[in-house]
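Before any comments, here is the structure.
The values are calculated or read from the model by the stated rules, or taken from the named source; none is laboratory data. Nothing here was measured: the structure is a model prediction, and the numbers come from that model. Using ideal geometry, Cβ is built from the backbone for each residue, glycine included, and neighbour counts are taken over all protein chains shown.
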Amino acid sequence: MSPLTSIICLANSWKHGDRCIAGINPETGRWIRPISDLEDGRIPRSMRLLEGKEPQLLDIIQIPLGKTGNDFGFESENLSVLPGRWKKQGQVTTKEVLRYCSSEPYILHNYKKFVTVPELARKPFALRKTLQLVHVTEFFVEKKQRETGTNQYKATIVSRNGQRLSRLGITDPLFVKKLDQGNEPIVPCLVTVSLSMPHRPPNWEGDDPCWKLIAAVMELETNDYDDQDELLDLPF
């Protein structure tokens, strides 16, 4: 039987027709991104379902994971999924994950909407971070209708530390569903920002960019953040 590793699910986002699952190990406080053996590591439905249901944000999930995984040359959080069933162990509240919000000055390494692969590859392996939990105090959404009739959204966020990122793609399916229903973002909130696989837009000049994405949005209740200063900010 493969060993099980627990994560607090902080992303179940779209990735090339399947999903990217990611979360924080409550024992170590470190991010983990389970990856399959598919070319980009995406997690198919048959692998990720918990008794027939999608993993939900803030679920504590036990996953059979190896000790290493394909880092694709720039990601530090990846661990390979081993054979075996995924199990739901429990659930936490948004208040309980506030302590994992980053206190770093930048959202994922810089002030830009992207990080290049060489920029990440030059860092020591442990510092090649491609996931970050952000306490967001301002959140604006732009809506555009595609030719297919579906909506496309771009997000602008401002972190509690004052960094602003504009027009980020949104890959959180449940949040997009809420936007389609006419709901607006509620702030403050917690946002998981992730980096995409390398993608060069038309006429792009320079190194391959990985784009910052809104992978998950978690609403906060007023009493969740009133005493945030009493919580521990961990250095990651």
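Here are a few things to note about the model shown:
- When region 27-43 is limited to residues that are free of Cβ contacts under 8 Å to residues at least 40 places away in the same chain and part of a loop (DSSP other than H, G, I, E, B), the one that is surrounded by the most Cβ atoms within 10 Å (Cβ to Cβ) turns out to be Gly41.
- Some residue of region 136-146 being buried (at least 18 other Cβ atoms within 10 Å of the Cβ) and touching a His at 6+ places or on another chain (Cβ under 9 Å): no
- Among the candidates Lys53, Lys15, Lys88, residue that is within 24 Å of Leu190 (Cα to Cα) and under 15 Å from the mean Cα position of the chain (by Cα): Lys15
- Residues satisfying the stated conditions in region 1-15, i.e. closer than 18 Å to Arg30 by Cα, touching a Pro at 6+ places or on another chain (Cβ under 7 Å) and assigned to a strand (DSSP E or B): Leu4, Ser6, Ile8, Cys9, Asn12
- Every condition in (1) part of a strand (DSSP E or B); (2) farther than 14 Å from Val97 by Cα holds for Ser46 except the one numbered (1).
- The condition of being outside the structural domain of Gly29 (by TED's automatic domain parsing), surrounded by fewer than 13 Cβ atoms within 10 Å (Cβ to Cβ) and either at positive phi or out of contact with any strand residue (DSSP E or B) (no Cβ under 6 Å at 6 or more places or on another chain) (or both) holds for only one of Lys177, Lys123, that being Lys177.
Each row is one residue, and each column tells you yes or no for (1) modelled with pLDDT under 95; (2) surrounded by 15 or more Cβ atoms within 10 Å (Cβ to Cβ); (3) not in a strand (DSSP E or B); (4) not polar (S, T, N, Q).
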| position | (1), (2), (3), (4) |
| --- | --- |
| Val115 | no, yes, no, yes |
| Glu119 | no, yes, yes, yes |
| Val134 | no, yes, no, yes |
| Arg167 | no, no, no, yes |
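- Of all positions in region 138-157, none carries a residue that is of a type outside the set (A, V, I, L, M, F, W, C), within 30 Å of Glu27 (Cβ to Cβ), outside any strand (DSSP E or B) and out of contact with any Cys (no Cβ under 6 Å at 6 or more places or on another chain).
- Scanning region 71-95 for residues that are under 29 Å from Leu120 (Cα atoms) and either in contact with a Pro (Cβ under 7 Å, 6 or more places away or on another chain) or crowded, with 16+ Cβ neighbours inside 10 Å (or both) returns Asp71, Phe72, Phe74, Glu75, Ser76, Glu77, Asn78, Leu79, Ser80, Val81, Leu82.
- Residue that is farthest from the chain's Cα centre (by Cα) [pool: residues in region 124-157 that are among the β-branched types (Val, Ile, Thr) and over 13 Å from Thr192 (Cα atoms)]: Thr148
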